Amino acid sequence: MQRNLENVISLSARFLLLKQQDTVYDKDRAKALKKLPLHIYLICRSPKIMLDVGKSTITPTQITLTFFTNVQGVRKDIVVKTINRKHQPIESIECDYPNNFYKAYGPKKSFHSEGKTNLLFKYLTAQNGKYYNESNLEVLYVGQAFSKKGKRITVDRLEKHEKAQKIYFDTQNRFPDYEVWFLSLTFEPSLMTVFDPKTFYNPSQFEDDLEHLNKVESTPISFDQQITILEAAMISYFGTAEFNKEYLDFPSSKHTSYSELYDLDFNSVGFELTTVSIHSQLFSKTVPANFTHYKTFFLHNQTQRKEVLYWLKGDE
């Protein structure tokens, strides 16, 4: 039956966490991260961004750091400057081989900070309002943060995932100048229903649409299917066929794992992901690099959609 309304479910990213396998957190932060409602994670790859302390200088007022990449044996230096703050001055920085983890010290060798040089690079370039393509993250795999038994996978356990180990091995052998990153995501769903105003002049049709709307609102899509829908949509969008084997043909109706969408007669499903907060653009073999990614998938063919939304487009 033709319906004069459109049911749309949209999932938007609300929390993003970028980490690596050997990221170290203090106990309080690690405990807090385990409680995050992690839904989806992306396994990504980017060039190693290292720090050359020998080419860096520190003065009481300014810190000049020389970061570098070495992709396919070609070194590229990127010089980044920042203010040396008087209330928390840095007097020296150590960054031993392989030059991807730094330790900064204040007066009298007091501890100041430490961390991944790649993350320091992202932080300082964002602070300076500059962006370099070396910060881009190539999306290789999309997964949901639940094991086959339905148990939630916490942030600190992601790197032990079987697929993650395969990607690590592949990167080490084929792309030794690159490193693997985990981007963990929390999404929030929203449901929108669009009515065709012309149905108000057809009481029988309006009553039928209203009954259908009540069915959708009283039978919400289960949490498991929301996450599966999101996983499938992102796999299809980024085209991660090298490591993902399921959902590449989303939104094909043959998949029972998201059958509720069709049972409730949803017209479309979409997602929105913005990565400005981690100062990294995402891309894949089929999707150009960008800070914002969004996609709407229509669950019915174009003819059916024109019938449903003819009032938005005009008679065709």
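The values are calculated or read from the model by the stated rules, or taken from the named source; none is laboratory data. Here the structure is a predicted model, which is why all the values come from computation and not from measurement. No Cβ is skipped: glycine too gets one built from the backbone with ideal geometry, and neighbour counts run over all protein chains shown.
When residue 117 is tested against (1) surrounded by 15 or more Cβ atoms within 10 Å (Cβ to Cβ); (2) modelled with pLDDT under 95, exactly one condition is not met: (2).
Let's see how each residue does on (1) in contact with a strand residue (DSSP E or B) (Cβ under 7 Å, 6 or more places away or on another chain); (2) over 25 Å from residue 82 (Cβ atoms); (3) assigned to a helix (DSSP H, G or I); (4) modelled with pLDDT of 85 or more:
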site	(1), (2), (3), (4)
103	yes, no, no, yes
129	no, no, no, yes
140	yes, yes, no, yes
150	no, yes, no, no
164	yes, yes, yes, no
180	yes, yes, no, yes
193	yes, yes, no, no
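Taking the listed residues 287, 276, the one that is under 27 Å from residue 129 (Cα atoms), exposed (fewer than 14 other Cβ atoms within 10 Å of the Cβ) and modelled with pLDDT of 75 or more is 276, with no other qualifying. Annotation: of all residues in region 52-101 being touching a strand residue (DSSP E or B) at 6+ places or on another chain (Cβ under 8 Å) and of a type in the set (Asp, Glu), the one that is farthest from residue 175 (Cα to Cα) is 91. Does residue 66 fit the bill of being within 11 Å of residue 50 (Cβ to Cβ), surrounded by fewer than 17 Cβ atoms within 10 Å (Cβ to Cβ) and in contact (Cβ under 8 Å) with a residue 12 or more places away in the chain? Criteria met by residue 66. Name the single residue, out of those in region 285-300 being in a loop (DSSP other than H, G, I, E, B) and out of contact with any Gly (no Cβ under 6 Å at 6 or more places or on another chain), that is farthest from residue 248 (Cα to Cα). Step by step, filter region 285-300, then rank; the result is 291. Selection of strands (runs of 3 or more DSSP E) fully inside region 1-95 by the criterion of at least 1 residues being among the β-branched types (Val, Ile, Thr) and modelled with pLDDT of 95 or more returns 50-58, 62-71, 74-83, 92-94.
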